[in-house]
1. Just a yes or no: is a residue in the stretch A:412-433 at pLDDT 95 or above, assigned to a helix (DSSP H, G or I) and hydrophobic (A, V, I, L, M, F, W, C)?
2. Within the stretch B:1-49, can you find the residues that are polar (S, T, N, Q) and within 21 Å of the chain's Cα centre (by Cα)?
3. Kindly indicate whether any position in the stretch A:440-448 is outside any strand (DSSP E or B) and over 19 Å from the mean Cα position of the chain (by Cα).
4. Report, by residue number, each residue of the stretch A:286-301 that is part of a loop (DSSP other than H, G, I, E, B) and within 12 Å of A:Asp392 (Cα to Cα).
5. Criterion first (touching a Gly at 6+ places or on another chain (Cβ under 8 Å), crowded, with 24+ Cβ neighbours inside 10 Å and in a loop (DSSP other than H, G, I, E, B)) does A:Leu74 satisfy it?
6. Among (1) facing chain B (nearest Cβ under 7 Å); (2) more than 30 Å from A:Ile460 (Cβ to Cβ), which single condition is A:Tyr375 missing?
7. Restricting attention to the stretch A:224-239, report how many residues are within 19 Å of A:Leu440 (Cβ to Cβ) and free of Cβ contacts under 8 Å to residues at least 24 places away in the same chain.
8. For residues in the stretch A:385-400 being charged (D, E, K, R) and surrounded by 20 or more Cβ atoms within 10 Å (Cβ to Cβ), which is farthest from the other protein chains (Cβ to nearest Cβ)?
Amino acid sequence: METVTTIAESVRKGEKRAVEIAESTLARIAERDGSLHAFLAVAKDELIAQARAVDEKRARGEALGPLAGVPIALKDALCMRGVPTTSGSKILEGWRPPYDATVVAKLRAADALIPGKTNLDEFAMGSSTESSAYGPTKNPVDETRTPGGSSGGSAVAVAAGMSPASLGSDTGGSIRQPAAFTGVVGLKPTYGRVSRFGLVAFASSLDQIGPFASDVRGAARVLSVIAGHDPKDMTSLTASVSDYEAACGASVRGLRLGVPEEYFAEGLDPEVATSIRAAIAALEKGGCVVRPVKLPHTRHAVATYYVIATAEASSNLARFDGVRYGLRVEPKTASGTSQGSALRAMYGATRDAGFGPEVKRRILLGTFVLSAGYYDAYYLKAQKVRTLIRRDFEAAFTEVDAIVCPTAPTPPFKLGEKTSDPLSMYLSDVYTLPASLAGLPAISVPCAPTRAGLPVGLQIIARPLEETTALSLAAAVESMGLTGSEGRQ
Amino acid sequence: MTPMDRAQIRHVAELAELELTAEEEERLAAEIGRVVAYVSELDAIDTTDVAPTAHVTAAATPGEGSAADDLAGLFRPDEPRPGLSHDEALAGAPRAAHGGFSVPTFVE
């Protein structure tokens, strides 16, 4: 399959026209997406117009950007001017943002092509893309299974060859877990590395935008375009942007890798464990130094995360009230006569009709943990445990340069398998949540699949702003071509 | 931790401006009760003298300094800048009237 970098080079050299790429992208989406449902909107006219502009720019002899003619699909939580943005919710159905997210503006400036908006769990709340109000996305490896989530559509767009790269957002694993489930590369940058201006907010102390790509170098190139400070997002970091692509070719010899025993505990699928251990052994053979590390608070990450993320979500989602954008439901009869009742009845009816069951659960849980009498016991307590989780990583990173572990405890699960039990769905994020809570960069790179051919992802977690280390190791794993025979002769 | 009852869910729903049906109240009380019981495991962790983490930045050290210290100087200058036009700001509103967002009566 063609990659981000091979497409960009062929367009820059004039071997291929951007319009041809746009047309073949649309053909591929038409062929594959009927059954997979990765896209919520295909921006056909915009795509062709962008491609023509790239070809004209080249014809005028102007220099082309680093993503010239490269299709990059957008998770539908990212605003693109004039193109419907739903965040997977009925409450935003039909809304067209009046502005571009900063990452979208940066992709445009780099001459990328944006084929459309991809499916996600409603407001990115989920681990399977099944809570989308517009129906689930299927895993192209096995269509009876989920692609993971919440950025399932963006992962599948890449896995099924509809787009060589895409953007997702990761709050508790929403890039890494679907990357692992679909056999592609997914990178969550350091908290603050990429501007979130124009991302529909879920949990603001955790949300981060990052790339999916068919190869590590492609993810590196996309990150190099979208990273950097943005005055429109005051949490974006001012630190200079590293050379991510150069890191993909760097030697990993001598790098110290920590293997946290807590990530190989009860609940880890044995075939996933075999694949991960084989990948770590291959890195050791390649010159890395492997040693055990302890991250003792790992087992509390799920509880910590679901208190903090839902608290922040309950606040962020208060903006959907039927007044400024999206759905509005006016009750036929006002339920009371006191002051403000008609307004509050409209709020209640709009939010009840517009939000799906998982979003309601999280808003209610988040409101509960922030409410009088419970704040200290739940929210403040979780913030303190978050400090302990961060200290675990700080201590580990005095001894090692990166932490290697599974991205998810199981291979992709079946559609419908976990939808009736919210808690079992939450527990499927157990290995991705700690790095989110600590704000650390982490990548999922494919390693050997299971016997049944289901994808497995190795997660590599690095120090703050050391995406380069994670990319070097991921590129090394990729180059080993792990197929499954290594771990089980 | 006792599971949540319907009165508690109704109170929280009112705070969150969510109008739930009777069926939703019952189901959500049970589902959220189970999650609350699960997150109550945090109770057993010793967090004596541990400072809360409200945000993470690459510069911040866990548990040291307040959010105000970490984020010092992150204010932008308070100067007028071009933003959305009046029409653009109203374009997404379900109902607009007289150049503003239209809402049901809330003051008699």
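The values are calculated or read from the model by the stated rules, or taken from the named source; none is laboratory data. The structure presented is a predicted model; accordingly, all values stated were derived computationally and were not measured. Backbone-built Cβ (ideal geometry, glycine too); neighbour counts: all protein chains shown.
1. Yes; the residues of the stretch A:412-433 include at least one that is at pLDDT 95 or above, assigned to a helix (DSSP H, G or I) and hydrophobic (A, V, I, L, M, F, W, C).
2. Going residue by residue through the stretch B:1-49, those that are polar (S, T, N, Q) are B:2, B:8, B:21, B:40, B:47-48.
Matches in the stretch B:1-49: B:Gln8, B:Ser40.
3. The answer is yes; a qualifying residue exists.
4. Taking the stretch A:286-301 as the starting set, the residues that turn out to be part of a loop (DSSP other than H, G, I, E, B) are A:286-288, A:294-295.
Matches in the stretch A:286-301: A:Lys294, A:Leu295.
5. Values: touching a Gly at 6+ places or on another chain (Cβ under 8 Å): yes; crowded, with 24+ Cβ neighbours inside 10 Å: yes; in a loop (DSSP other than H, G, I, E, B): no.
The answer is no for A:Leu74.
6. (1)
7. 1
8. Here is the first cut: in the stretch A:385-400, the residues charged (D, E, K, R) are A:386, A:390-392, A:394, A:399.
Then drop every residue that is not surrounded by 20 or more Cβ atoms within 10 Å (Cβ to Cβ), which leaves A:386, A:390, A:392.
On the way: A:Arg386: 4, A:Arg390: 4, A:Asp392: 9 Å.
Going through the qualifying residues, I end up with A:Asp392.
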